Amino acid sequence: MQNIFPEKKLGFGLMRLPLLDVTDDKTIDVEQVKTMVDMFLEKGFTYFDTAWMYHSFQSENAIKEALVDRIPRDKYTLATKLHSNFIQTKEDRDKVFNEQLRKTGVDYFDYYLIHDIEVDSIQKYEDLEAFQWLAEKKRQGLVKHMGFSFHATADLLDEILTRHPEVEFVQLQINYLDWESEKVQSRKNYEVCVKHNKPVIVMEPVKGGTLAKVPEQAEKMLKNMDANLSVPSWAIRFVASLPNVKMVLSGMSNIEQMRDNLSYMEDFKPLTDLEITTVHAVGEVINSGITIPCTGCSYCTPGCPMNIQIPKYFSLYNKDQRDGADHAANKAEYQKIHETSGLASECVACGQCEGICPQKLPIIENLKLVAAALE
Ligand code: SF4
Ligand code: SF4
């Protein structure tokens, strides 16, 4: 298989960028992103991954300022995506694409993905001939490589790759917590890509931060392997060690996270068999204690009629459930989030969020748990 990706396997995911105002994800701290971009490029990494809807549609603008306007085009590669929620007609495909070219300031994309294929969106993509449209963009030189990101079962992935051999790569949610999950099917989906000889890009290697801050027992197990390595380093290196994984996206949110990621990915060393076994054991420990497995992607929030900051509440709830949690402080933090968000108990059960959640979480029921614990 010819490698269509940069040699260094770490990609800069542009979905969780640093913010000037932590309550407003449109307020990207572009100056800090510029510093991070420079650090990243300096160490020889070149892959940047954005999407139409990231940061409430501001991520593509931010990368224009932080990267495209400052760095020669042949020094980096840029990926973006087309999501079914924003296209109703065939004409909409071009409207979004042309606007993406304008927002990012490039005249071609190195990688372009049909975004978030799942059971409910695949038919729409087929009806709107998204694959054929993307192949045409590639023929025109506006896209160098075509792929899709995927959030469903291995059976469906197998069907799609059989129907669309023109696809060059697949982006999958893989991490050591979801490896054997029946819902996410990390391992099974990975194996389908191997069968079809398609390289894999990994998203959510740290599961939205869940694997950056793990319960005490799990942290001890990781620190016993190497006290100098950070907790998230094991999650990133675990997926990067899979032979068919050619790129690992990390949504770095500040300079410190960037520095940490670069430190072990600059001269990447795959995990040993013993380390892999230990990491799986750590996954079991964490899985037994997780309450709401939200990755914090924020896909669910823009359409909420009650402006409920769902992932912030879920993250706080999970923190509150851990051993030794400071319940009073968490309740105070809840009220702080509420200053710019509807209450969990104000959910009107419209279902918008559940329709779009890639993790298929029962958000309405989970918000009731949040309200019971923290209001
Ligand atoms: S179900 Fe509740 S949380 Fe979800 S979008 Fe509707 S009001 Fe918001
Ligand atoms: S609830 Fe689902 S859509 Fe919303 S942030 Fe969490 S994982 Fe993403």
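The values are calculated or read from the model by the stated rules, or taken from the named source; none is laboratory data. Keep in mind that this is a model prediction, so the values were computed, not measured. FYI the Cβ positions are ideal-geometry reconstructions off the backbone, even for glycines, and counts take in every protein chain you see.
Is it true that some residue in segment 283-294 is loosely packed, with under 14 Cβ neighbours inside 10 Å and within 16 Å of ligand 2 (Cβ to nearest atom)?
no
Restricting to segment 120-137, count the residues that are among the polar types (S, T, N, Q) and touching a residue at least 24 places away in the same chain (Cβ under 8 Å).
Total satisfying the criteria: 1.
Go through segment 286-304 and give me each residue that's closer than 21 Å to ALA325 by Cβ and either modelled with pLDDT of 85 or more or among the polar types (S, T, N, Q) (or both).
Residues satisfying the conditions are ILE286, ASN287, SER288, THR291, ILE292, CYS294, THR295, GLY296.
Within segment 250-268, count every residue that is not in a loop (DSSP other than H, G, I, E, B) and not polar (S, T, N, Q).
Within segment 250-268, residues that are not in a loop (DSSP other than H, G, I, E, B) and not polar (S, T, N, Q) number 8.
Checking ILE286 against (1) within 16 Å of ligand 1 (Cβ to nearest atom); (2) part of a helix (DSSP H, G or I), only one condition comes out false. Which one?
(1)
Checking ASP178 against (1) over 30 Å from VAL285 (Cα atoms); (2) of a type in the set (D, E, K, R); (3) touching a helix residue (DSSP H, G or I) at 6+ places or on another chain (Cβ under 9 Å); (4) buried (at least 19 other Cβ atoms within 10 Å of the Cβ): exactly one of these is not met. Which one?
Here ASP178 clears every test but (1).
Considering only segment 33-60, state which residues are surrounded by fewer than 19 Cβ atoms within 10 Å (Cβ to Cβ) and touching a residue at least 40 places away in the same chain (Cβ under 8 Å).
The answer is THR35, MET39, LYS43, GLY44, SER56.
If you check ILE364 against the conditions, is it within 14 Å of ligand 2 (Cβ to nearest atom), touching a Lys or Arg at 6+ places or on another chain (Cβ under 6 Å) and touching a residue at least 12 places away in the same chain (Cβ under 8 Å)?
The answer is no for ILE364.
So for segment 63-73 (the condition being surrounded by fewer than 21 Cβ atoms within 10 Å (Cβ to Cβ), at pLDDT below 95 and either of a type in the set (A, V, I, L, M, F, W, C) or not assigned by TED's automatic domain parsing to the domain that holds ILE236 (or both)), does at least one residue qualify?
Taking every residue of segment 63-73 in turn, none turns out to be surrounded by fewer than 21 Cβ atoms within 10 Å (Cβ to Cβ), at pLDDT below 95 and either of a type in the set (A, V, I, L, M, F, W, C) or not assigned by TED's automatic domain parsing to the domain that holds ILE236 (or both).
Scan segment 297-330 residue by residue and report those that are part of a loop (DSSP other than H, G, I, E, B) and more than 15 Å from ligand 1 (Cβ to nearest atom).
If the condition is that a residue be part of a loop (DSSP other than H, G, I, E, B) and more than 15 Å from ligand 1 (Cβ to nearest atom), then ARG322, ASP323, GLY324, ALA325, ASP326 are the ones that fit.
MET306 fails exactly one of the following numbered conditions: (1) under 22 Å from the mean Cα position of the chain (by Cα); (2) within 16 Å of ligand 2 (Cβ to nearest atom). What is the number of that condition?
Unmet condition: (1).
Scan segment 334-369 residue by residue and report those that are assigned to a helix (DSSP H, G or I), surrounded by fewer than 18 Cβ atoms within 10 Å (Cβ to Cβ) and either away from ligand 1 (no atom under 15 Å from the Cβ) or small (Gly, Ala, Ser) (or both).
Within segment 334-369, GLN335, LYS336, SER345, GLY355 qualify.
Hey, can you tell me all the residues within segment 204-219 that are within 9 Å of GLY251 (Cβ to Cβ) and touching a Gly at 6+ places or on another chain (Cβ under 7 Å)?
GLY208, GLY209
When you go through (1) surrounded by 14 or more Cβ atoms within 10 Å (Cβ to Cβ); (2) more than 14 Å from ligand 2 (Cβ to nearest atom) one by one for LEU316, which number turns out not to apply?
If we test LEU316 against (1) surrounded by 14 or more Cβ atoms within 10 Å (Cβ to Cβ); (2) more than 14 Å from ligand 2 (Cβ to nearest atom), just (2) comes out false.
Kindly evaluate GLY289 against the criterion of being out of contact with any Pro (no Cβ under 9 Å at 6 or more places or on another chain) and of a type outside the set (Asp, Glu).
For GLY289, the condition - out of contact with any Pro (no Cβ under 9 Å at 6 or more places or on another chain) and of a type outside the set (Asp, Glu) - is not met.
Is it true that some residue in segment 252-264 is among the aromatic types (Phe, Trp, Tyr), out of contact with any Gly (no Cβ under 6 Å at 6 or more places or on another chain), more than 24 Å from VAL192 (Cα to Cα) and surrounded by fewer than 17 Cβ atoms within 10 Å (Cβ to Cβ)?
no
Taking the stated definitions as given, is ASP155 assigned by TED's automatic domain parsing to the domain that holds ILE122 and free of Cβ contacts under 8 Å to residues at least 24 places away in the same chain?
So ASP155 fits the description; yes.
Can you confirm whether MET221 is of a type in the set (A, V, I, L, M) and under 19 Å from GLY11 (Cβ atoms)?
So MET221 fails the test.
Among residues belonging to segment 201-234 that are of a type in the set (A, V, I, L, M, F, W, C) and under 21 Å from TYR299 (Cβ atoms), point out the one that is surrounded by the fewest Cβ atoms within 10 Å (Cβ to Cβ).
ALA212
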